[in-house]
Amino acid sequence: MKHALKPSQYAILVAVMLTASVGDTLLSHGMSQIGPVDLHHLGLLFRALANPYIISGIVLLIGFFASYMTALSWADLTFVMPATAFGYVVVALLSRFWLHEHLSLYRWAGILLIVCAVGFVAGGPSRTDHEPTHHELDVMDSGAGR
């Protein structure tokens, strides 16, 4: 069954995509300033927590987690994950133009393939049929008494 998305639901999906992409990019930039971390230098991870790029990345990834949970509350995982696949393009663009990473033609082709494949599964945020949760039953009961 297909459902039309509300503007607020589109906003949540955009938030999932952007907070994950920008948060991961900030973490990458911050960790490049910290240097390699291995089992003998785990203390560097605590030093990393003072880096403003890493702090910003963590905050954005907390925002990602909150918006991701929100999206999963009204849509199936098989819709939410593909719907946010454009984040791969955002990460690639940020990596190329802000982090100055080299992206090979094969990597760009892979990103394009992932984004195009989204069309095969992007039918809509239909929920799998499931038994109502206790919360849903309470909401239905409270609405029935009006």
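The values are calculated or read from the model by the stated rules, or taken from the named source; none is laboratory data. Computed from a predicted model, the values in this text were never measured in an experiment. When we count neighbours, we look across all protein chains shown, and the Cβ atoms used for this are built from the backbone with ideal geometry, even at glycine.
Which condition breaks for G124 when tested against (1) farther than 24 Å from L13 by Cβ; (2) at pLDDT below 85?
Among (1) farther than 24 Å from L13 by Cβ; (2) at pLDDT below 85, G124 violates only (1).
Kindly provide the set of residues from the stretch 92-113 that are out of contact with any helix residue (DSSP H, G or I) (no Cβ under 7 Å at 6 or more places or on another chain), closer than 19 Å to G23 by Cβ and surrounded by 14 or more Cβ atoms within 10 Å (Cβ to Cβ), ordered by number.
L93, R96
If you take the residues in the stretch 7-29 that are within 23 Å of I55 (Cβ to Cβ) and among the small types (G, A, S), which one is farthest from the chain's Cα centre (by Cα)?
S28
Being surrounded by fewer than 17 Cβ atoms within 10 Å (Cβ to Cβ), under 30 Å from C116 (Cβ atoms) and either touching a residue at least 24 places away in the same chain (Cβ under 8 Å) or in contact with a Ser or Thr (Cβ under 7 Å, 6 or more places away or on another chain) (or both) is true for just one of V14, V89. Which residue is that?
V89
In the stretch 92-121, which residues are of a type in the set (F, W, Y) and modelled with pLDDT of 85 or more?
Listed by number, the residues that qualify are F97, W98, Y106, W108.
Which condition does S73 not pass, out of (1) of a type outside the set (V, I, T); (2) surrounded by fewer than 18 Cβ atoms within 10 Å (Cβ to Cβ); (3) modelled with pLDDT of 90 or more; (4) touching a helix residue (DSSP H, G or I) at 6+ places or on another chain (Cβ under 9 Å), if it passes all the others?
(4)
(1) out of contact with any Leu (no Cβ under 6 Å at 6 or more places or on another chain); (2) modelled with pLDDT under 95: which one isn't true of V37, the others all being true?
Single failed check for V37: (1).
For the stretch 78-110, enumerate the residues that are within 14 Å of the chain's Cα centre (by Cα) and not in a helix (DSSP H, G or I).
If the condition is that a residue be within 14 Å of the chain's Cα centre (by Cα) and not in a helix (DSSP H, G or I), then T84, A85, F86 are the ones that fit.
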